[in-house]
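The values are calculated or read from the model by the stated rules, or taken from the named source; none is laboratory data. Please read these numbers as outputs of a predicted model, since none were measured by experiment. All Cβ positions, glycine included, derive from the backbone under ideal geometry; neighbour counts span all protein chains shown. With ligands, DNA and RNA removed, areas are computed over all heavy atoms of the protein, side chains included. Shrake-Rupley method; radii C 1.70, N 1.55, O 1.52, S 1.80 Å.
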Amino acid sequence: MEQSICAAARHVKSRLPGFLRLPPSVTCLRNLHIYAENPARWQSDPCVQMYGQLLAVRDAQQDAFLVAAETVRVQANLPRDLRASASRTKASVLFQKAAKLFESLTISLEGPWPVSSFDETLQATTMACEAYAQALAESSDPDLCKQVEPHCPEWPAAVSAVQRAHVEVLKLRAELRFRQIRWYSRQAELARVVSEAAHGKRSSDEASHAVDSLQIAGLAPTVQEQDLWQLAADACDHLVAECTQIKLADSSSPSEATDSSSLTVLHSRGQALQVITLKDLAISQALVHDLDAAVVSMLQALNIRVGDPAMLTKNAVDQIKAAAQGILKLCERELHQTAARANVASKHAQELAAAVSSFDAWCRAE
């Protein structure tokens, strides 16, 4: 998927109709109804002139072009088709910028987390996502399309190209999240080994290797497993929310847009990973006797319904059920504590039992 995303960004200019890459004085834009009324009026506008000049050198002067394009986009006195065109080109430049950062980003499970470069890449990708959402909304407006299409037959193709690019940049952001989750999950697994060794459940050699690995990754040997799982779970939350945007983006796409099945798979992968991560978070919280938090995490995991159930393997489902039953037993033990604690434990036990039953029924149905 990474190669296809980067290729889409590198060739985004060739994928868009030619008139999108030309100054507003070209023939296609002249023929638009509002230009035909008085073309000279718009060509003499300072914002339009600046935009046209920078359009030809946008690769070399990206920042200046982005300012000029946004200036045109928000000028209410300019024709809507020109503003929409500027919005689309702005989005494509932001996409290319994000893809370049993505290609240079190195994330190793054995190395330290690249905080600054990851954040920069994620921010750039998010800006491109937002820009494409704006461009798509502005270019696909029914009234504008009705007005423009008779004068510019390429307009529907331009809208389709923006739709496809929007999906690609959303997929790029999803890939960043998957990498983030994998890194934190790997470190959490190492922290679990250290913790288990402290309780005699792991050998000293295993503990020593885990400690060395954590230090190489830039983490202290005393880092808490549950803290790392929480970071992974937070990234999962973002991933699933952002994958939902992918589904929404595709739902309005023309027939020639990106295959929706691949987007459904991506969303389901995110959901399945979220369930598994929440399960591991719940276990880590239970191990440090934070039962209330463990119950909350386990309930969240059990209540997720993965779009494609096949993304959850039988082994994963069995682990989820076993973890839930283990936490349920811990709740039942607390029924013998103080009255106040027993009431809380009773409520937790009832909620978990119902969630386990519902999850089990869903698994059997699927």
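Tabulated values for the structure
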{"quantity": "Ratio of Rg to Rh over the stretch 79-122 (Cα coordinates, Kirkwood Rh, two decimals)", "calculated": "1.26"}
{"quantity": "Cα→Cβ-extended label distance, 7 Å offset, between Ala316 and Val67, nm", "calculated": "4.7"}
{"quantity": "Potential lengthening between Glu175 and Asp205 on full extension [0.36 nm per residue; Cα-Cα distance subtracted]", "calculated": "7.4 nm"}
{"quantity": "Packing-based ranking, highest mean first, of 288-295, 199-206 given that Cβ atoms within 10 Å are counted", "calculated": "288-295, 199-206"}
{"quantity": "Cβ-placed point charges (K, R +1; D, E -1), dipole of the stretch 168-209 about Cα centre in debye, nearest 20", "calculated": "220"}
{"quantity": "Burial order of peptide ranges 97-103, 267-273, 144-150 (average beta-carbon count within 10 Å, highest first)", "calculated": "267-273, 97-103, 144-150"}
{"quantity": "Carbon plus sulfur fraction of accessible area for the stretch 308-366, probe 1.4 Å, in percent", "calculated": "53"}
{"quantity": "Distance between the stretch 61-90 and the stretch 265-339 - C-alpha centres, whole angstrom", "calculated": "48"}
{"quantity": "Computed magnitude of the charge dipole of the stretch 298-351 (debye, nearest 20; Cβ of K, R +1, Cβ of D, E -1)", "calculated": "80"}
{"quantity": "Charge dipole of the stretch 307-366 about the Cα centre (unit charges at C-beta), most positive-ward option of Ala365, Leu312, His336", "calculated": "His336"}
